[in-house]
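Everything below concerns the one structure shown next.
Bear in mind these aren't lab numbers, they're just calculated from the coordinates by the rules spelled out. Treat the numbers as computed from the prediction; the structure is a model and nothing was measured. With ideal geometry, Cβ positions are generated from the backbone for all residues, glycine too; neighbour counts draw on all protein chains shown.
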Amino acid sequence: MSTHEDSFCINEIVSPDTSKNLIDYSPIRSNCFSVTLQIIVGLKNQEGGEAFCLEVCTPQYIIENYNHEDMIWGRHLLIVFEWNFPKIRKKIYDYFSKINTDNWNDIVEKMSRIGLWEFEDYKPCM
């Protein structure tokens with residue numbers, strides 16, 4: 001059986017929160033931030049793909065930005081203790097590498113568990 005590694009890959013990870021390459025990016029406070037990542041998954045050896053948005057934040061960011069009586073949902077959220085893009089990228093790539101299929105719908109289903117798929121609620125016009 002072939003795996004998605006034969007046909008699909010993460011083409012890039014970018015953020016609308018910065019124009020910098022994420023390797024060079026550093027939040028003002030490495031232990032208190034929230035950064036949106038767009039994981040672009042597509043065909044191997046082709047540019048582009050479809051985006052899965054993931055919010056990466058620290059517990060300190062949650063503490064400082066939400067009322068202690070609030071409750072927040074954690075869908076499409078990765079909680080880290082400091083900004084370390086190589087570790088964050090590895091976590092994402094490790095998750096993707098465990099998706100053992102070459103079926104695009106199955107990949108979307110699994111990736112949607114960690115990131116909001118850009119077409120998640122899309123309904124074509126009739």
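Quick notes on this one:
- 10 Å Cβ shell holding at most 14 others, DSSP loop, GluC sites (Glu not before Pro): longest site-free stretch of the chain: 1-46
- Sites excluded, trypsin sites (Lys or Arg not before Pro) in DSSP loops with at most 13 other C-beta within 10 Å, longest stretch of the chain: 45-74
- Residue order, fewest to most beta carbons within 10 Å, for Met71, Met111: Met71, Met111
- Lysine pair number, Cα distance threshold 30 Å (strictly under), the chain, separation 8 or more or different chains: 20
- For Leu78, the amide hydrogen comes within under 5 Å of the amide hydrogens of Glu55, Val56, Cys57, counting only partners 5 or more places away or on other chains and with H modelled in the peptide plane.
- Entry for log10 I(q)/I(0) by the Debye sum over Cα atoms at q = 0.17, 0.18, 0.19 Å⁻¹ (calculated from the structure that is shown) out of [x] -0.93, -1.01, -1.09; [y] -0.84, -0.96, -1.09; [z] -0.84, -0.89, -0.94: [x]
- Phi-based couplings in Hz for the stretch 24-29 (Karplus 6.51, -1.76, 1.60; Gly and Pro marked x): 8, 6, 8, x, 4, 10
- Residue-span extension gain [Glu109 to Asn45] - 0.36 nm each, minus C-alpha spacing: 20.8 nm
- Between Asn100 and Glu12, the FRET efficiency from the beta-carbon distance, with R0 = 25 Å, is close to 0.65.
- Low-density loop cleavage sites - chymotrypsin sites (Phe, Trp or Tyr not before Pro) in the stretch 1-97, where at most 11 other Cβ are within 10 Å (DSSP): Tyr66, Trp73, Phe81
- The label-point distance for Lys91 and Gln60, in a model that sets each label 7 Å from Cα toward Cβ, rounds to 1.6 nm.
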